2 protein chains.
Amino acid sequence: MPQIRLALAQLNVTVGDIAGNADTIVRWVRHAAEQGAHVVAFPEMALTGYPVEDLALRSSFVEASRTAIVDLAKRLAGEGHGDVAVIVGYLDKAEGAVDRVGRPKGSPYDAAAVIWGGEVVTRSAKHHLPNYGVFDEFRYFVPGETLPVVRIHGVDIAVAVCEDLWQDGGPVAAARAAGAGLLLTINASPYELNKDDSRLELVTRRAREAMCPLAYVNLVGGQDELVFDGDSIVVDEQGDVLARAPQFSEGLLTLDLDLASGAHGQDHYAGIRIDRSVISETPLARYAPVPAGLAPRLEDEAEIYTAIVTGLRDYVHKNGFSSVVIGLSGGIDSALTAAIACDALGAENVNGISNPSRYSSEHSKDDAAELARRTGLNYRVIAIEPMVSAFLGNVELTGVAEENLQARIRGMLWMGVANQENHLVLAAGNKSELAVGYSTMYGDAVGAFAPLKDVPKTYVWRLARWRNQVARDMGETPPIPESSIVKPPSAELRPGQLDTDSLPPYDLLDDILDDYVEQDAGSGELIAAGFEPALVERVIRMVDAAEYKRRQYPPGPKISFKAFGRDRRLPITNGWRETSPAGTPPAAQPPVPEKVAPPGEAPRT
Amino acid sequence: MPQIRLALAQLNVTVGDIAGNADTIVRWVRHAAEQGAHVVAFPEMALTGYPVEDLALRSSFVEASRTAIVDLAKRLAGEGHGDVAVIVGYLDKAEGAVDRVGRPKGSPYDAAAVIWGGEVVTRSAKHHLPNYGVFDEFRYFVPGETLPVVRIHGVDIAVAVCEDLWQDGGPVAAARAAGAGLLLTINASPYELNKDDSRLELVTRRAREAMCPLAYVNLVGGQDELVFDGDSIVVDEQGDVLARAPQFSEGLLTLDLDLASGAHGQDHYAGIRIDRSVISETPLARYAPVPAGLAPRLEDEAEIYTAIVTGLRDYVHKNGFSSVVIGLSGGIDSALTAAIACDALGAENVNGISNPSRYSSEHSKDDAAELARRTGLNYRVIAIEPMVSAFLGNVELTGVAEENLQARIRGMLWMGVANQENHLVLAAGNKSELAVGYSTMYGDAVGAFAPLKDVPKTYVWRLARWRNQVARDMGETPPIPESSIVKPPSAELRPGQLDTDSLPPYDLLDDILDDYVEQDAGSGELIAAGFEPALVERVIRMVDAAEYKRRQYPPGPKISFKAFGRDRRLPITNGWRETSPAGTPPAAQPPVPEKVAPPGEAPRT
């Protein structure tokens, strides 16, 4: 069987920075060529970054991508790498009229190019366009109509793009019909917990269906609310893993494959035209293979923690910043956020500010200082009492309005310091709080980025304990004070306040939220699952009523199946009440729906 | 020719409030029956409101809609209206497996029901699913596969849904092939400037294609960022207008039509099955027709102003509030926002707060007070100096950070008063400011709703002058002080500051923004259009760099072809620079893209 040395380039690009990404691609082709690779594959949209969103609709951007792919081919040949076959994802446009979804000539393609000998040998595009969850690809792209099969050193390599692997039929079946010796898929597959497991299961199954080895290359790095986890994989035709790249790190996964010789199969399959090209017919002379890497998987906590570190680091750096401000309350959310920021950016780039009020306990102040001491972050204390007095002397604010005032003065101080010293502010809120609206808009909710936005409170504790254990295992000081982990959560906006005054216990709350938010269960299903009806109604009303707060919340990395943001799109103005089992109409309601704000938090503002 | 009295119910529903909307529908059927209508049509998704967004993915909600449509049929018959044919848009689900887009059985339908005699006579669904602009319908719905044709009093009425009218082929052509005597379309078509003109042109053309009269019924009212303008229309088979409803107001458009007798046409057309039902074969005895209404169109300023008033009123009321807080600077944006709020909610429900600083000019304070006097809104003054001093005494803030501090203290005061007294805060920023990021996050950008969010600055002045002229024409006091209209705009955050210190003149800025934001033109096209290259680059960089601010901005009503928000989706982290003509790659750029904040505004925070 012919041999091929394949390198999968699992790399971190920046959306929109076509020139910079092209430089990165050239650099990695160079590395791969040094390692003797014959074929180098880059992820989906590696040239443009992913997702480009409405940049795909701007013709100047589409043309820049089309020009850049041709330039890339020339540049690689100019550097002496014309003999390496390079597969790159980029943005192209349909040349012909496209009638499957009725969009006109010139509509964008989520495209793949095969580059060799200074030329773009063949171009193709993704067939299946995801339009669920965080994806809006029907908005941007028209589906591809061909499956490219390129003969390289006597092997027929079929190229498919991301979702084409996840959907039945289409390109996978076409690769089998075409008699491909290798199915290569280029991907931009965002992280969520346990995605690596479903990805492995998928790759295994599709390799068996395609009846040939399958290589899967994915992006790494953060892009706004998405984190790409890499996890590039190669399996044989039985689906057994031959090589697997580490999660979240940039690098080449290089291995040697013995592949079936090219044999002319079908030229069409179920409406897909097999688009054959020949780079070289002659198999390579036999050579000694290099050993393939098989990186171990991360455990759940490590996976989530690394995803957040990656998402935060890239958000800060790719936007031209290097440092952050975090308000430190002594509580677990800000402590974990600070520990993550120290790991992502270095403690010297993390500025913690403690803003005690008359309601702050001694242990809170001590815990904030202790966190700073343990991590080495820059620490300062600005008491809020003078500002609170100035406001209260000039406007009447009582009850929740006064509680919010304290939170907002803190937010203003963080923003002021950030503006003065050129940092980004991090919001420390977690997913459970965001779900029920237990936060103050323009107060603790201020920030450029919210690392824990998609982390339920019960996971906040798990991650904190895990991070401390990692430190202990490495003989380092655990970053998070034990007291911050074990004490009962409190906003400390009034004397003796506890989160449980306003909310159910977090383990119970998170169970309900998991069903209601992530699984879209109705109240009937929740009650059938054993939750107490009054509690179900109360939690659902809190979640529904807090939609307006979520709209103005900073972005944060998606780590779950369904994050708030573009993953879950609900109206603010919403009269639907989940008050009765599924299948029966809701009870009569007043024509003007009421918004119920959970006690202890900001009423609708 | 058989006669039919048709009533189009142009009504204002609330998303999610199925029970309340059903009550509204019953009430309007009752009115229509009192007027002798034989057929009453309600807009697309009238039972659920539109758009329901991810509520469509929750099975409890889908089932509630399905149950409610059956209950509605029974209830109408129970009230003695079983002899009126009622067409209602609602949410249903596909019974069979749907393979056109590969989604499973049970996927949601954007559906239409024909109700008669206590039963749902026939159900159908929208074929063409818009997935551009503000629409994400591929996310929610599977396409319909039938065209219902219902024989009522001897006339064959075909029913189509919204986008089916906008796209060539499909239901319109099928209605012709089926030999329909009337094509009835139910719609949820959001307002944008001049939409009424394109709608009329469309309806005219489609009636000619269908070779029969066409009736078009649309929602009115605000739903988050969308405003529905009604503008229901009936045209004859030549496309000549027979009746037209007023824009933005709820009501029945009732008229008598002489329609062709039902004649059996084709049963299939281009993959669409014609689904025929018979309610009654016998034409009605001739009767004297009622005159049809033909409401005049609003001029541009009136149209925009009314759209904003409608959007604001419904946002406030449908969310259970009745009153608002607005910070009054003496400038034109806050003055126009206040005038709109007074028209939408009544001056007694509008609370203006003036927050002078040491940099506020005398005329600003006078103009704010004069606005309050003219409109009769509740007015108070809270000087910010004590709070500014308290902050500056405790943290070092200079330059832009100090400017932002003033804006943020104002925002906190508005939020405090709103929390204390249960109002919503309105943000007064306009589209030009939002485009270039000329605002302070958590400062002047705080708010539940931003009425001018989609109004360019040059239109702000036009609307102000128009509103004052309307007052003069009616012998009332013009609400907006002339001085607020004519003085040069200033943020008054430092001595002698003018907007033109940081921004190009607004007429020039708005021209560039119109091309770049609304038309998605690249810099090459802008330069070719005659704008100065350095200015083009500067404006584009400001717009691109301000994306993070727009993400946390309050919702506001869409009035233009492309509003910020879901109409225009761009990444925050974005290395693309429009620095060169379309078709050539951008110049080399640093690997970490820089964000450039326009002078005089908040740096990235």
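The values are calculated or read from the model by the stated rules, or taken from the named source; none is laboratory data. Here the structure is a predicted model, which means the values were calculated and not measured. Positions of Cβ are generated from backbone atoms using ideal geometry, with glycine treated the same way; all protein chains shown enter the neighbour counts. With ligands, DNA and RNA removed, areas are computed over all heavy atoms of the protein, side chains included. Shrake-Rupley method; radii C 1.70, N 1.55, O 1.52, S 1.80 Å.
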- What are the nm distances, shortest first, from A:Gly376 to its equivalents in the other copies, labels at 7 Å along Cα→Cβ? 6.8
- Item | Label point distance in nm, B:Met211-B:Glu348, each placed 7 Å from Cα along Cα→Cβ | 6.1
- Highest mean first, what order results for A:555-564, B:51-60 on Cβ atoms within 10 Å? A:555-564, B:51-60
- Task: Using only alpha carbon pairs under 8 Å that are at least six residues apart, calculate the relative contact order of region A:3-297 and give it in whole percent.
- Result: 20
- Task: Could you please state how large a percent of the accessible area of region B:3-297 is carbon and sulfur, counting protein chains only and using a 1.4 Å probe?
- Result: 52
- What pairs in B:Lys318/B:Lys562; A:Lys126/A:Lys195; A:Lys93/B:Lys558; A:Lys453/A:Lys558; A:Lys318/B:Lys549; B:Lys431/B:Lys549 have C-alpha atoms more than 19 Å from each other? B:Lys318/B:Lys562; A:Lys126/A:Lys195; A:Lys93/B:Lys558
- Ignore the peptide's own chain and count Cβ atoms of other chains within 10 Å of each Cβ in B:73-83; give me the average, rounded. 0
- Task: Would you please name the chymotrypsin sites (Phe, Trp or Tyr not before Pro) within region B:266-331 that are DSSP coil residues with at most 14 other C-beta atoms within 10 Å of their C-beta?
- Result: B:Tyr287
- Helix A:399-421 versus the longest principal axis of chain A: what is the Cα-based angle in degrees, 0 to 90, to the nearest 10? 50
- Between the modelled labels at A:Gln519 and B:Arg465 (7 Å from Cα along Cα→Cβ) the distance in nm is 6.1
- What is the helix-to-structure angle for B:332-345, meaning the angle in degrees between its Cα long axis and the longest Cα principal axis of chain B, kept from 0 to 90 and rounded to the nearest 10? 40
- Please work out the average accessible area per residue across region B:164-306, using the 1.4 Å probe convention, and give it in Å². 38
- Within region B:269-309, trypsin sites (Lys or Arg not before Pro) in DSSP loop having at most 12 other beta-carbon neighbours inside 10 Å: B:Arg286
- Message: Need one number: % antiparallel among DSSP beta bridges in region B:3-297, to the nearest 5.
- Response: 65
- Query: Ranked highest first by average number of other Cβ atoms within 10 Å, how do B:180-188, B:430-438, A:147-155 line up?
  - Reply: B:180-188, B:430-438, A:147-155
- Sites A:Asp366 and A:Glu299, calculated FRET efficiency, Cβ-Cβ separation with R0 30 Å, nearest 0.05: 0.40
- How well do other chains shield peptide A:51-60, expressed as the mean number of their Cβ atoms within 10 Å of each residue Cβ? 6
- Note on the structure: Taking a straight Cα-to-Cα line shorter than 19 Å from B:Lys365, and setting aside same-chain lysines fewer than 8 residues away, one finds B:Lys487
- Peptide A:431-441: average number of partner chain Cβ atoms within 10 Å per residue? 1
- Selection of chymotrypsin sites (Phe, Trp or Tyr not before Pro), region B:322-398, meeting DSSP coil and at most 11 other Cβ within 10 Å: none
- Antiparallel as a % of all DSSP beta bridges within region B:301-496, to the nearest 5? 0
- Using the Karplus curve 6.51 cos²θ - 1.76 cosθ + 1.60 with θ = phi - 60°, work out ³J(HN,Hα) for each residue of region A:110-121 in order, rounded to whole Hz, and write x for Gly and Pro. 8, 9, 10, 10, 9, 10, 6, x, x, 10, 7, 6
- With charges set only on the Cβ (+1 for Lys and Arg, -1 for Asp and Glu), what does the dipole of the protein assembly as shown come to about its Cα centre, in debye to the nearest 20? 40
- Hull surface over four for the Cα convex hull of chain A, reported in nm², is 30.1
- Query: Put the label 7 Å from Cα along Cα→Cβ for A:Gly117; what are its distances to the other copies, in nanometres, shortest first?
  - Reply: 7.4
- Going residue by residue through region B:54-71, the Karplus relation 6.51 cos²θ - 1.76 cosθ + 1.60 with θ = phi - 60° gives ³J(HN,Hα) values, rounded to whole Hz and with x marking Gly or Pro, of 6, 4, 5, 8, 9, 5, 4, 6, 4, 5, 4, 5, 5, 5, 5, 5, 5, 4
- Could you tell me, in Å, what Rg and Dmax come out for the Cα atoms of region A:3-297? 17.2, 51
- Message: Antiparallel versus total DSSP beta bridges in region B:32-184: what percent is that, nearest 5?
- Response: 75
- Using label points projected 7 Å from each Cα along Cα→Cβ, tell me how many nm separate B:Thr398 and B:Leu193, to one decimal. 4.3
- Message: For A:Gln469, place a label point 7 Å from Cα along the Cα-to-Cβ direction in every copy; what are the distances to the other copies, in nm, shortest first?
- Response: 7.3
- FRET efficiency, 1/(1 + (r/R0)^6) with R0 25 Å, evaluated for B:Lys74 and B:Ser277 via beta carbons: 0.85
- Note on the structure: Checking rank on A:403-415, A:108-120, with mean other Cβ inside 10 Å and highest first, the result is A:403-415, A:108-120
- Note on the structure: So the angle from the long Cα axis of helix A:300-318 to the longest Cα principal axis of chain A, reported in degrees to the nearest 10, equals 90
- Task: Beyond 30 Å, what share of the Cα-Cα pairs of region A:301-496 is found? Please give it as a whole percent.
- Result: 14
- Item | Rg [Å, one decimal], Dmax [Å, integer] - the protein assembly as shown, C-alpha atoms | 30.9, 96
- Once the Cβ-Cβ distance between B:Ser322 and A:Val381 is put in as r, and R0 is 45 Å, what FRET efficiency do you end up with, to the nearest 0.05? 0.60
- Distance between Cα centroids, region B:390-436 to region B:481-517: provide it in whole Å. 19
